[in-house]
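The values are calculated or read from the model by the stated rules, or taken from the named source; none is laboratory data. Since this is a predicted model, take the numbers as computed values, not measurements. Using ideal geometry, Cβ is built from the backbone for each residue, glycine included, and neighbour counts are taken over all protein chains shown. Keep in mind that these areas ignore ligands, DNA and RNA; they rest on the heavy atoms of the full protein, side chains included. Shrake-Rupley method; radii C 1.70, N 1.55, O 1.52, S 1.80 Å.
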Number of protein chains: 2
Amino acid sequence: MIEYSDVLEAYDRIKEVVNKTPVLTSSTLNRMSKSELFFKCESFQKVGAFKMRGAYNAISKLSQSQKEKGVIAHSSGNHAQAVALSAKLLGIKATIVMPNTSPQVKVNATRDTYGATVVFCENTSVARQKATDELISQYGYTFIHPYDNYDIIAGAGTATYEFLNQVNNLDMIFCPIGGGGLISGTLIAANGFNSNIEIYGAEPQLVDDAFRSLNSGRIEHNKTRNSIADGLLTDLSEKTFGIIRKYINDIINVSEFEILEAMRLLWERMKIVVEPSGACSLAAALTKRISIQNKRVGILLSGGNLDLDPIFQSLKARIEKN
Amino acid sequence: MIEYSDVLEAYDRIKEVVNKTPVLTSSTLNRMSKSELFFKCESFQKVGAFKMRGAYNAISKLSQSQKEKGVIAHSSGNHAQAVALSAKLLGIKATIVMPNTSPQVKVNATRDTYGATVVFCENTSVARQKATDELISQYGYTFIHPYDNYDIIAGAGTATYEFLNQVNNLDMIFCPIGGGGLISGTLIAANGFNSNIEIYGAEPQLVDDAFRSLNSGRIEHNKTRNSIADGLLTDLSEKTFGIIRKYINDIINVSEFEILEAMRLLWERMKIVVEPSGACSLAAALTKRISIQNKRVGILLSGGNLDLDPIFQSLKARIEKN
């Protein structure tokens, strides 16, 4: 397992490269929730998500020989772009395996903006793993797992370390749970900073593997992948589950409508673009299953990447009608 | 006409009440534009727009007797909410005349959230003026014009005063033009701060009254109200035209597609919700009609209020399908 010192070392390694993301507040949301809410906006991070912190930390730490051979990841989401950009900034070759059903905009961002080589595969986990393994055996690439990797976790934890240095005396932090990388880093960082801070995981009811894992004591699996929180569909891993079960206060499951409602508050009231996965932490804080009244509450907004076509198509239609 | 000292006095009057809005930057947009862009985010202002600054300044300055009688405004937009909230904070009665076609969400915000009395009228400028005049003659309310009012202009100018204190050595500022309140305040503030800063107005081609007024030397009128930049549809007034023609460097007209493209950059790359009117300033800066290369460029993002239903309906449909 990793320790607080790993998060501090990760922060030293990445702090000149990643954005120090702002903490926003909203008097309207404070009034509504009868608490003081502090929003750590990793949606403003490079590549639009906290994933940049872990990817840059993990790739920086590779040996010279690993760096010369290059890195590989499979993802169609924020991790792909974080690995691609981190590798680019470090002058390392990156290969990203993506399902051939990935949206063109994500392929373009990964390949053209961030300069990675994109290799397509069938949209199954078996095909993805096979394509990745073949490339590794052929070229000796180092595989960068999105969360089952202590360097990724320590990097993710720097968001919370930074947050705790920006806002004094937080009583609790709410953090989304997908594969568990961000929450694991948060648990290590917060526990090292001040072990009295309560940490709650926020997870969609439809993919409540972490909640069930915590109860059963072993890693449970999701039966569906239907949640709109498309960054939170994956199961925990050995490394993240080990940290979560040791430190977490509780996991709050939220409905799809609670996620959407929280997201709408962030967009309408705070004027920030946050993806459904990112809004889960606010949704969990607003459920009242944990009392937040009169507390100083940290909300980790993990990312802001989503398809904006519906609103821009609607505005475009208005223009064309005029 | 007003002077720099009026802006400074307005700032003293409002600074404890309005938000000191953040200035954001984007390395991606800097790279794209080959300049250093600084975004003053009045979308994060109270009520979601710079209008709060002028309304609070103007209403604060009323005499005791005016305050006791109350204020009135006609608007279905950001000015309505700014007048309502300012009056509420100052303990003054506010009446807002709104067209009976106004979206329910705007009526609710003005009435329920900000506590104003809403009076409906037919959706014509004659009906609106008649309803307002009748209420004034009956109750003695003070009319708060959205821009043809020097206290409103001085208040609007505090956004730029604050901006210039947040970012050193700006070469130029781009600012949206509707009725001209924000640009007039910006011209007074920037000229007083450092008369070398160039100020450019950003105006939709479809409602290019300010551009034509500057050329003809008299106030011109718009023939359509079709732009998606629905905060910029109004003509200039005597007071704003007087300031604009004296100080402005130039006015840049932008197409509807340029506005949409700028708005999409702000949402997708910077993860901030900015309304079409607010995005006009970035659209103007990106036209290349004024060279911004290697310059330090201020972009005033005037507000972030717009109908988000298209994107939330689309997400809701996804939830219901699952």
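The table below gives the values:
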| read-out | value |
| --- | --- |
| Residue ID - modelled with the highest pLDDT, chosen from residues in the stretch B:265-311 that are of a type in the set (D, E, K, R) and touching a helix residue (DSSP H, G or I) at 6+ places or on another chain (Cβ under 6 Å) | B:Lys271 |
| Residues satisfying the stated conditions in the stretch A:262-282, i.e. of a type in the set (A, V, I, L, M), more than 8 Å from every other protein chain (Cβ to nearest Cβ) and buried (at least 21 other Cβ atoms within 10 Å of the Cβ) | A:Ala262, A:Leu266, A:Ala279, A:Leu282 |
| Qualifying residue in the stretch B:253-261 (condition: over 24 Å from B:Asp6 (Cα atoms), within 14 Å of chain A (Cβ to nearest Cβ), at pLDDT 95 or above and part of a loop (DSSP other than H, G, I, E, B)) | yes |
| Count of the stretch B:267-276 residues which are in contact (Cβ under 8 Å) with a residue 40 or more places away in the chain and closer than 22 Å to B:Asn78 by Cβ | 6 |
| Single residue of A:Lys239, A:Lys321, A:Lys295, A:Lys246 found to be within 14 Å of chain B (Cβ to nearest Cβ) and basic (Lys, Arg) | A:Lys321 |
| Matching residues in the stretch A:130-165 - criterion: being of a type in the set (Phe, Trp, Tyr) and either modelled with pLDDT under 95 or under 27 Å from A:Leu187 (Cα atoms) (or both) | A:Phe143, A:Tyr147, A:Tyr150, A:Tyr161, A:Phe163 |
| Unique residue being crowded, with 24+ Cβ neighbours inside 10 Å and within 12 Å of chain A (Cβ to nearest Cβ) when the list is B:Val23, B:Val47 | B:Val47 |
| Positions within the stretch B:229-252 being aliphatic (A, V, I, L, M), in a helix (DSSP H, G or I) and over 13 Å from B:Asn215 (Cα atoms), in sequence order | B:Ile243 |
| For A:Ile311: the one exception among (1) at the interface with another protein chain (Cβ under 9 Å from one of its Cβ atoms); (2) open to solvent by 10 Å² or more (accessible area, probe 1.4 Å) | (2) |
| Pair list, Cβ < 7 Å and 6+ apart or interchain, from the stretch B:19-40 residues that are of a type in the set (Ser, Thr, Tyr) to residues that are open to solvent by 40 Å² or more (accessible area, probe 1.4 Å) | B:Ser26/B:Arg269; B:Thr28/B:Arg269; B:Ser33/B:Leu286; B:Ser35/B:Gln293; B:Ser35/B:Asn294; B:Ser35/B:Lys295 |
| Residue list for the stretch A:50-82, restricted to those being over 23 Å from A:Val274 (Cα atoms), buried (at least 24 other Cβ atoms within 10 Å of the Cβ) and among the aliphatic types (A, V, I, L, M) | A:Ala58, A:Ile59, A:Val71, A:Ile72, A:Ala73 |
| Given (1) surrounded by fewer than 16 Cβ atoms within 10 Å (Cβ to Cβ); (2) in a helix (DSSP H, G or I), number of the condition A:Arg289 does not satisfy | (2) |
| Subset tally (residues that are more than 18 Å from A:Glu258 (Cβ to Cβ) and part of a helix (DSSP H, G or I)) for the stretch A:210-228 | 5 |
| Residue selected from the stretch A:118-164 under the condition within 21 Å of the chain's Cα centre (by Cα) and part of a loop (DSSP other than H, G, I, E, B), by the criterion farthest from A:Glu16 (Cα to Cα) | A:Asp148 |
| A:Leu301 open to solvent by 10 Å² or more (accessible area, probe 1.4 Å), hydrophobic (A, V, I, L, M, F, W, C) and within 14 Å of chain B (Cβ to nearest Cβ) | no |
